[in-house]
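The values are calculated or read from the model by the stated rules, or taken from the named source; none is laboratory data. Owing to the predicted nature of the structure, the values given are computational and were not obtained by experimental measurement. So basically every Cβ, Gly included, is an ideal-geometry build from the backbone, and we count neighbours across all protein chains shown. Protein only, heavy atoms only, side chains kept; ligands, DNA and RNA dropped before computing areas. Shrake-Rupley method; radii C 1.70, N 1.55, O 1.52, S 1.80 Å.
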Amino acid sequence: PERVSPPQTRSRRSASGCSSASGSAPPAKRQRRSGPDAPDGTAADGDEAAESSRTLPPRPGKLSTPATAKAVPQTPHIMFTGFKLKPPDRQRLEDMGAVMLERLEDISVCTHLVSQRLLRTEKMLCGLCKVPNIVTPEWLEDSIRQKHFLETQQYQLIDRKAEASHGFTLAEARARVEKKGPVFKGWTFFITPKGHVNKGTVLQLEIIVACAGGTTLPKSQVPAPGRAPSTFRVITSDEDKGWCRANLPAFDRGTFCNAEFVLRSVFRQEPMKTSLDVDQDGVAARRQSKRMDHK
């Protein structure tokens with residue numbers, strides 16, 4: 001009778017988060033850091049000079065992992081806010097295959113937003129809605145040291161001081177996005193000519209609104225007074241009082257808001273109270289405003 005050879009046994013590779021350089025060598029264990037927490041490039045960029053003197057807070061003993069944290073993709077697309085890399089580190093990351101992003105318009109393809117602190121910047125606001133991983137610079141440091149991109153669970157940004165100051169946690173805001181979608185999902189906005197200005201800063205409100213799930217309408221599509229849905233808002237400013245009086249006199253006071261309403265709502269991922277009133281003449285009057293960190 002014909003002989004049947006026994007089946008070949010296939011050697012089993014050891015499981016690991018990252019494969020070793022040799023198929024037979026066991027994967028190296030990640031070493032616990034013993035040096036200082038501050039990264040090489042801690043100087044903030046010109047748009048966030050207010051943060052330039054602050055150093056990275058100590059790493060907590062145990063970090064919570066938001067449900068939105070994802071394993072590192074094959075090609076990380078990295079954006080920074082309040083943090084600037086030294087050129088050699090940037091080159092090392094690019095050599096490892098990373099794509100560096102600068103423009104806010106590219107936030108939709110960003111996979112990792114790197115920041116030392118919980119800043120209320122345009123990039124952070126959009127990142128809360130769009131970016132799966134918001135991490136500290138330590139993720140970059142350790143990835144460069146290990147020569148491959150690490151998973152992000154233990155590098156998620158947690159800023160206890162800023163969270164206490166703002167009255168919410170980053171994990172809570174991220175959880176709201178995951179559970180209900182971004183804060184302005186289904187909302188529509190019209191922006192008056194100078195509605196983009198907040199405390200002297202011209203904001204990219206269309207991008208922020210879009211990232212938060214909302215839609216910005218041209219003036220030709222503004223709904224008629226009395227027919228506007230409860231989720232329609234006119235974003236305006238003190239400088240546009242006369243414009244509102246001439247062009248939108250029939251809208252009630254609850255329809256009007258300023259850029260601060262958008263910024264605060266997106267930052268916390270929950271709609272805040274409308275921050276503008278409109279009197280009987282259609283004049284917008286600011287109640288309160290809070291400083292907006294530059295982008």
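Side notes on the structure shown:
- Within segment 153-164, the presence of a residue that is more than 20 Å from Arg268 (Cβ to Cβ), open to solvent by less than 30 Å² (accessible area, probe 1.4 Å) and touching a Gly at 6+ places or on another chain (Cβ under 9 Å) is excluded.
Residue by residue, here is whether (1) at pLDDT 95 or above; (2) touching a Ser or Thr at 6+ places or on another chain (Cβ under 7 Å) holds:
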site: Pro60; (1), (2): no, no
site: Pro66; (1), (2): no, no
site: Thr121; (1), (2): yes, yes
site: Val135; (1), (2): yes, yes
site: Glu138; (1), (2): yes, no
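- Across segment 197-220, the number of residues qualifying as more than 15 Å from Cys257 (Cβ to Cβ) and small (Gly, Ala, Ser) comes to 4.
- Residues satisfying the stated conditions in segment 178-219, i.e. closer than 19 Å to Trp243 by Cα and polar (S, T, N, Q): Thr192, Asn198, Thr216
- For segment 117-144, the set of residues classified as touching a Pro at 6+ places or on another chain (Cβ under 6 Å) and open to solvent by less than 10 Å² (accessible area, probe 1.4 Å) consists of Pro137 only.
Condition check ((1) modelled with pLDDT under 50; (2) outside any helix (DSSP H, G or I); (3) surrounded by 15 or more Cβ atoms within 10 Å (Cβ to Cβ); (4) touching a Gly at 6+ places or on another chain (Cβ under 6 Å)) across all residues:
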position: Arg54; (1), (2), (3), (4): yes, yes, no, no
position: Phe83; (1), (2), (3), (4): no, yes, yes, no
position: Pro88; (1), (2), (3), (4): no, no, no, no
position: Met100; (1), (2), (3), (4): no, yes, no, no
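- Filter result for Gly214 (open to solvent by 30 Å² or more (accessible area, probe 1.4 Å) and of a type outside the set (Phe, Trp, Tyr)): no
- Matching residues, segment 120-169, being in a helix (DSSP H, G or I) and among the charged types (D, E, K, R): Glu122, Lys123, Lys130, Glu138, Glu141, Asp142, Arg145, Arg160, Lys161, Glu163
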